[in-house]
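Here's the structure, in structure tokens; my notes come after.
The values are calculated or read from the model by the stated rules, or taken from the named source; none is laboratory data. Just so it is clear, the model here is predicted, and its values are computed rather than measured. Please note: Cβ atoms are built from the backbone with ideal geometry, for glycine as well, and neighbour counts cover all protein chains shown.
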Amino acid sequence: MTKNNKNNKNKKNNKQKQSSTFTFWIIGLIAVIIIGFIFLANGKEKDVAFEIDYKGQPYLGDKKAPVQIVEFGDYKCPICKSFEENFFPSIQSELIDTGKAQFYFMNYSFINVDSIRSAKFAETVYKELGNDTFWEFHELLYSKQPDDQKYEKEDVFTDKFLEETLKEIVNASDVKKVVTSFKADSSEDLWNKDMETAAELGVSGTPSLFVNGKKFEGNTLEDLVKMVDEAAKEK
């Protein structure tokens, strides 16, 4: 091999090495960028706060409270009943009555046909008789949910059942007003709004709580109080 041929071959090999190194460096850079985007995306998803429209929703607490808590519930859900009877009273005394938070209820009706019927009936109570009567009916309806879970998939909350339950807390004239409005499907839009909001937030079960638009992932009252306190500081 001549000296010139040898030099040409060395130059060619050097170019190939440089090309390989450059390609490897580009691939490595792309991989780093992709990993970075994954971490950013995961971090954002984990800590994302959703904008929730609270207008026209039943609520408890001071409107000036710095934090909004939303419960998505189903009137046929046994865990929701347990939440209402055992967990909510502490939320009431610790967070609502102290002015730390407002509490809202929205429907996520998925268990049975009477989940939807009872949700729409309760929405009609709110629409026709106001906020206070809604919460009285809401509490009463959960208390009358059968304790045996075999009824979860049975049609328990019939039209007659709901009407008779309402009769326990309001007069005949108010019952008639609600029933007439309910039969006219006047609460359809209100219920649809709740279900659309639940879908946007990725609600998949009940009860589900959101604090200022962020999903509550804790298990205890202390966890919830801590999240509310942190949300108040952020705001």
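Failed condition for Leu166, given (1) more than 14 Å from Tyr75 (Cβ to Cβ); (2) more than 25 Å from the chain's Cα centre (by Cα); (3) in contact (Cβ under 8 Å) with a residue 12 or more places away in the chain; (4) not in a loop (DSSP other than H, G, I, E, B), with all others met? Status for Leu166: all satisfied but (1). Would you check if there is a residue in the stretch 86-99 being modelled with pLDDT of 95 or more and surrounded by 21 or more Cβ atoms within 10 Å (Cβ to Cβ)? The answer is yes, given that some residue of the stretch 86-99 is modelled with pLDDT of 95 or more and surrounded by 21 or more Cβ atoms within 10 Å (Cβ to Cβ). Of the residues Ile111, Ile96, Ile116, the single one that is among the aliphatic types (A, V, I, L, M) and without any contact (Cβ under 8 Å) to a residue 40 or more places away in the chain is Ile96. Of all residues in the stretch 180-200, those that are under 12 Å from Phe121 (Cα atoms) have Cβ atoms under 7 Å from Cβ atoms of residues that are of a type in the set (Val, Ile, Thr), 6 or more apart or on another chain, in Ser181/Thr124; Phe182/Thr124; Ser186/Thr124; Ser187/Thr124. Listed by position, the helices (runs of 4 or more DSSP H) enclosed by the stretch 75-129 that each have at least 2 residues that are in contact with an Asp or Glu (Cβ under 8 Å, 6 or more places away or on another chain) are 78-82, 113-129. The residues listed here are Lys214, Lys120; of these, the one that is among the basic types (Lys, Arg), within 30 Å of Pro66 (Cα to Cα) and crowded, with 20+ Cβ neighbours inside 10 Å is Lys120. Candidates are the residues of the stretch 199-235 that are assigned to a loop (DSSP other than H, G, I, E, B) and among the hydroxyl-bearing types (Ser, Thr, Tyr); the one that is farthest from the chain's Cα centre (by Cα) is Thr220. Considered as a group, the residues in the stretch 77-115 that are over 15 Å from Tyr59 (Cα atoms) and among the aromatic types (Phe, Trp, Tyr) include one that is farthest from the chain's Cα centre (by Cα), and that residue is Phe87.
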